[in-house]
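Structure first, commentary second.
The values are calculated or read from the model by the stated rules, or taken from the named source; none is laboratory data. Everything numeric here is computed off the predicted structure, so don't read it as measured data. Cβ coordinates were reconstructed from backbone atoms using ideal geometry, including for glycine residues, and neighbour counts include every protein chain displayed. We work out accessible area using only protein heavy atoms, side chains counted, and drop any ligands, DNA or RNA first. Shrake-Rupley method; radii C 1.70, N 1.55, O 1.52, S 1.80 Å.
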Amino acid sequence: MNRKNIELMACKLVGRVSQGCGPNFHGFWTMSIYDTAWVSMVLKPDGSWLLPESFQFILDEEQASGGWKSYASDIDGIMNTLAATLAIKKHLDHGPHMEEAEAASLQHRVVQAVAHLENQLIAWDVEACVHVGFEILVPSLLSMLEEYGISLQFPGREALSALNKQKLKNFNPNILYGPKQATALHSLEAFVGKIDFTKVAHHKVSGSMLGSPSATAAYLSGIPDWDVEAENYLRDTIRLGGGKGKGGVPSAYPCGVFELTWVYSTLVTAGFSAASLGSENVALTVLFIEDLFKSQQGIIGFAPLMLGDADDTAKAVLTLNLLGRPTSAGKMLSYFSTKDGYLMTYLGERTQSFSANCNALEAALYAPDVQGTMYQISAITTFLCNSWWNGTVADKWARISQPLYPEYSTMLLAQSLVRLLHLWDVGVLSALPDDLVRHRVPIVLSQILNRTLLHIKKSQNLRGELCPEKVAYEILTLESLYSLPWLECVLPELDSALLIHRKALLLSKPSREKPPYVWIEKVTYGSETLSEAYYLAALYALPEHTAWTKKTKSIVPIEEKLVNQYSQFFLSVHGAARAHWEYQCSVLEASFFIPKLRSKRAEVFPLRRKFHDEYLHYIPATWVIVNNIRNLNLPTTLLWDMMVFSMWDFLADEYMESKVALLDTTELAAIKNFIDKTLVEGEDSHDLGEEMLCSEGGSSGLSQEDMGRATSNIEYDCICSTIAAYIRAVLGYPGICSASIYDQMQLRQELHAFLIAHITQIKDNSRISALSKVNGGTTFAEFRSSAPRLPFYTWTHTTGAEHISCPLSWVFYTCILRPRAYVRERKDRFQSVQQKYKSRDLCSHLAVMSRLYNDFGSIERDRREMNLNSIDFPDFHIENSLWNNSGHMGELGLTRLKADLLDLAQYERTCAKAAMLQLIEDLNAGMTGGGRKELETICRGIELFVGVTELYADMYVAKDLTNAAR
């Protein structure tokens, strides 16, 4: 399709939505069974039904299952079926002249609907629901049905009641009776029997209650005197609301400002000029919006005279600025601002909207007073980045179809952050916090790029199932990212993805009859005009080529050749089944964590001169690669926390081998005593204060004289201070306090085991060194012929496993693996005895696997540094043929030992995978209703940890990452 044809289609679209500037607005939303059911229940004063065609619409839409459609989420089907069932019961109750067969048929529908509802309600995750007013609408519908003898009990009812009480705790009917509009007017049907409807008549706008057909129907049914204006509104909604007079109504009508501003801003942002959209249309729109701003003091809603909201106001501000009419964003930013700086969509709402804040940010960034709103811009950007990092992007206006991948909000966020970065680059926003611009924003943009590209790749074989509007979102997302200065090495893949998606879009042009359900109201809905606008914008938009200054280019912490070097390494290690660009993108994303990680390098352990800490480049990449390539999309905060902890793993190991290992036997015993005193004798205390951590004494088997000598050593004091700092850092890490007491105690115990295992390993290494000296430093033959302290199997499952830090990392990980959006109480991460056991079994297999793979990769270093390695145990030396007559092992013998070691490691790897599946299966068993999203995050989190542990195992085979001990 050529650009001229696209422009003609866009001009026609704009002409249609420009009707929103006039009184006879034609709606383009999909029909709502929920709202239609309420409309069908209105009785005229003479006792006849006002709109029987609406009831027939409801009957025609019933599904074979006995319920009504779940457009895009569970709550849609629940709301639709509750309201439709209530409508049928009312018709049965008010149908004295109904034929017996018809009554029997309707009663049968009720029985089927109730059975369907029971199944839906059992599976409903109440706490994850974000739809408008559900916490007051569903309880109200349940109460109304109970009046007809239908009582529905389900697992989430208690949680629903709690939300209902929270929502209504400050509710006073006088709020509705007063002069100001309130959001509750839109859900007026929830207050049937609870308020005096005659006292809200003054809130009507063109006959409607805040543009809601269901609220208006409840109002008309609840007043003693007939309201012709409200009746005409309902009739107009059936005729003009998008249902073509067949009885159905949308969730809201009219919504001219919403559709007008969304369409214009989408098209102009994509590159359409005002001229291409029709000068007459543009002039009419500009005049209409400017008049609204004047008459409504700079705050507008989804239709004229409706309650103002941040979302529609932001789109209106943006539209005027894009069309060349400078308009300030200051009034919007101050009016809807919260104490934390982000914006509410409506004043007094319970949950914030991510997409509304994206729209507000974009509007502010295009406004002429952008520098004057720097504080608000910084606060909103911080809120958006924090939401993304914490995995709390639960938008209330646009449906999220995948975990942490909300296509619509992702597109808005990408467009806003790229615009922000551009203004910062040219000096307009130079006062923004450095950490925000140089660290958090680039990471978010890199993750958006990765998730979009990987989702496109994943969906290439699902063309028939793709949603055209969401395809358009992804195209516009990539177009906005295209100009970023650090993407040169992956531009070919960007070009390929854009080409693939545009072809898919052309093959699946959205039908104006069936727009996708992607928007959230009381139930999910779709919009013909918005769907077509995004379709045209995606086909028309071209990549921008921004001339970035050195300031922005310097944000990138890694050169392109290093990106290729590291990505090639991970490609070879992780498997050639994945494309090279996937690793390039992940390494790029990971690189933005490196400066921040390096800044934390010396917070716990001292720096070592002449050591470059190469693992700092690998640690972020391991977590990012597994998260991306497995499409886990786990919160950035979780990745960052584990990057820090992984760095501590390396540093603790390095510190124990380079510093603690130099102590003599008496000093080592004193260090062990200090660790015991801190982590075992202080077990009942959860206050890790300086006094407890630096205390001395306790039973160590040392005489008072030896203890005094050891503890008077300056080096001993330094080591104790460092170990104490490490213990404080681990047990006091942000997020640990949210874990249960049981999980915190597990962490304390594993930290103790980890440190003591290092002491034990140091002693074993000393024995190796002593035996080597006896034999001239040439062979470990004496060790293999002597009796080791523990059998090999026992050692790998105790000291060997604990020393590798996997058990400690796992327990730490499970303490922080609790989605921030769903933290309600400090409960054990794994609650049943089966889950606890299987969790530890999984950890055990991973730890032994890591020990074996690590030993495989460090054989040469261990031999140089005289460290105990798995192959030193007698179990590997049953065959004397591995050794020559002089007691030396040849290359052939070493190869055989390594093969045996690798075989055991792969066995443990297989066991770990089986244990992971068993644990996840146990977690899923019997899970219904509330907590489903939290459980999904936990299961994906388990897969991430296992995947990263396996990746490190593969890396051990390819490269020894640990700094030399000395």
Problem - Charge dipole of the chain about the Cα centre (unit charges at C-beta), most positive-ward option of 413, 524, 790 - result: 413
Practice task
Using a Förster distance of 41 angstrom, determine the FRET efficiency expected from the C-beta separation of residue 895 and residue 630, and round it to 0.05.
Solution key: 0.80
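Taking only C-alpha pairs under 8 Å that are 6+ residues apart, what is the relative contact order of the chain in percent? Could you put the intermediate results ahead of the total?
Details: 1352 pairs, mean separation 109.5, N = 966.
Relative CO of the chain lands at 11 percent.
How many Å² of accessible area per residue for region 26-100, probe 1.4 Å? Mind dumping the intermediate values first?
Details: 2750 Å² over 75 residues.
On a per-residue basis, region 26-100 sits at 37 Å².
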Exercise for the section: Based on the mean of other Cβ atoms within 10 Å per residue, sort peptides 12-18, 471-477 so the most packed one is first. Expected result: 471-477, 12-18
Handout entry: Most positive-pole-ward Cα, 200, 770, 490, against dipole of the chain from beta carbon charges
Key = 490
Exercise for the section: Report the net charge of residues surrounding residue 833, where surrounding means a beta-carbon distance below 14 angstrom and charges are Lys +1, Arg +1, Asp -1, Glu -1. Expected result: +1
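Which FRET efficiency value, to the nearest 0.05, is calculated for residue 713 and residue 769 with the Förster distance at 30 angstrom and r the Cβ-Cβ distance? Don't jump to the answer; show the numbers that get you there.
Values: r = 21 Å, r/R0 = 0.72.
Working from the Cβ atoms, E equals 0.90.
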Handout entry: Cut-off 10 Å between beta-carbons: net charge of the residues surrounding residue 804, Lys and Arg +1, Asp and Glu -1
Key = -3
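Counting only heavy atoms of the protein chains, get the accessible area per residue of region 237-331 (1.4 Å probe) and round it to a whole Å² value.
Working: 2980 Å² over 95 residues.
Each residue of region 237-331 exposes 31 Å² on average to a 1.4 Å probe.
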Problem - Correct choice for Kirkwood radius over Cα pairs in Å that was computed from the model, options [x] 31.5; [y] 32.3; [z] 33.1 - result: [x]
Handout entry: Cα gyration tensor shape of region 65-221, rounded if a/c is under 1.5, else prolate or oblate by comparing a/b with b/c
Key = oblate
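Calculate what fraction, in whole %, of the accessible area of region 115-205 sits on carbon and sulfur atoms when a 1.4 Å probe is rolled over the protein chains.
Working: 2130 of 4200 Å².
Percent of accessible area from carbon and sulfur atoms in region 115-205: 51.
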Completion exercise
Taking every other residue with Cβ under 12 Å from the Cβ of residue 189 and scoring Lys and Arg +1, Asp and Glu -1, one gets +1
Handout entry: Relative contact order computed over region 125-204 (Cα-Cα under 8 Å; 6+ residues apart), in percent
Key = 35 percent
Exercise for the section: Taking the Cα centre of the chain as origin, sum charge times position over the Cβ atoms of Lys and Arg (+1) and Asp and Glu (-1), and report the length of that vector in debye to the nearest 20. Expected result: 1560 debye
Handout entry: Candidate lysines for bridging to residue 838, where Cα separation is under 26 Å - those fewer than 8 sequence places away on the same chain excluded
Key = 827, 913, 933
Exercise for the section: On the full set of protein chains, 1.4 Å probe, figure out the accessible area of residue 894 and give it in Å² to the nearest 10. Expected result: 20 Å²
Handout entry: Potential lengthening between residue 335 and residue 917 on full extension [0.36 nm per residue; Cα-Cα distance subtracted]
Key = 204.4 nm
Handout entry: On Cα atoms only, tilt of 74-93 relative to the major axis of the chain in degrees
Key = 30 degrees
Handout entry: Carbon plus sulfur fraction of accessible area for region 535-653, probe 1.4 Å, in percent
Key = 53 percent
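Could you give the dipole magnitude of region 527-642 about its Cα centre, charging the beta-carbon of Lys and Arg +1 and that of Asp and Glu -1, in debye to the nearest 20? Working shown, then result.
Numbers: 13 positive and 11 negative charges, 170 e Å.
Taking the Cα centre of region 527-642 as origin, the dipole is about 820 debye.
Could you please state how large a percent of the accessible area of region 208-254 is carbon and sulfur, counting protein chains only and using a 1.4 Å probe?
Looking at region 208-254 in its full context, I get 48 percent from C and S.
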Exercise for the section: Can you spot the lysines whose alpha carbon is less than 27 Å from residue 561's alpha carbon? Ignore those fewer than 8 places along the same chain. Expected result: 457, 550, 551, 553, 596, 600, 610, 959
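Counting each DSSP H run of 4 or more residues in the chain as -39500 (n - 2.57), what helix-only mean residue ellipticity at 222 nm follows after dividing by all residues, to the nearest 500 deg cm²/dmol? Intermediate values should be presented prior to the final figure.
On the way: 40 runs with 565 residues, N = 966.
After summing the helix terms and dividing by residue count, I get -19000 deg cm²/dmol.
Highest mean first, what order results for 36-49, 645-658 on Cβ atoms within 10 Å? Working shown, then result.
Values: 36-49: 19.2, 645-658: 20.8.
Order by mean packing, descending: 645-658, 36-49.
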Exercise for the section: Quote the FRET efficiency, to the nearest 0.05, computed for residue 5 versus residue 53 with a Förster distance R0 of 45 Å and r equal to the Cβ-Cβ distance. Expected result: 0.70
Problem - Highest to lowest packing among 347-356, 521-530, scored as the average C-beta count within 10 Å - result: 521-530, 347-356
Practice task
Enter the accessible area per residue of region 432-575 (Å², integer; probe 1.4 Å; all protein chains in place).
Solution key: 38 Å²
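Could you grab the relative contact order for region 111-266? Cα pairs under 8 Å, six or more apart, rounded to a whole percent. Mind showing how you got there, number by number?
Values: 145 pairs, mean separation 24.1, N = 156.
Once divided by the residue count of region 111-266, the mean separation gives 15 percent.
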Practice task
Convert each backbone phi in region 176-186 into a coupling constant with the Karplus relation 6.51 cos²θ - 1.76 cosθ + 1.60 (shift: θ = phi - 60°), then list the ³J(HN,Hα) values in order as whole Hz, x for Gly and Pro.
Solution key: 6, 7, x, x, 9, 5, 9, 4, 4, 4, 5
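Could you give the length gained by full extension between residue 93 and residue 831, i.e. 0.36 nm per residue of separation minus their alpha carbon distance, to one decimal place? Mind dumping the intermediate values first?
Numbers: separation 738, 0.36 × 738 = 265.68 nm, distance 4.85 nm.
So the chain would gain 260.8 nm between residue 93 and residue 831.
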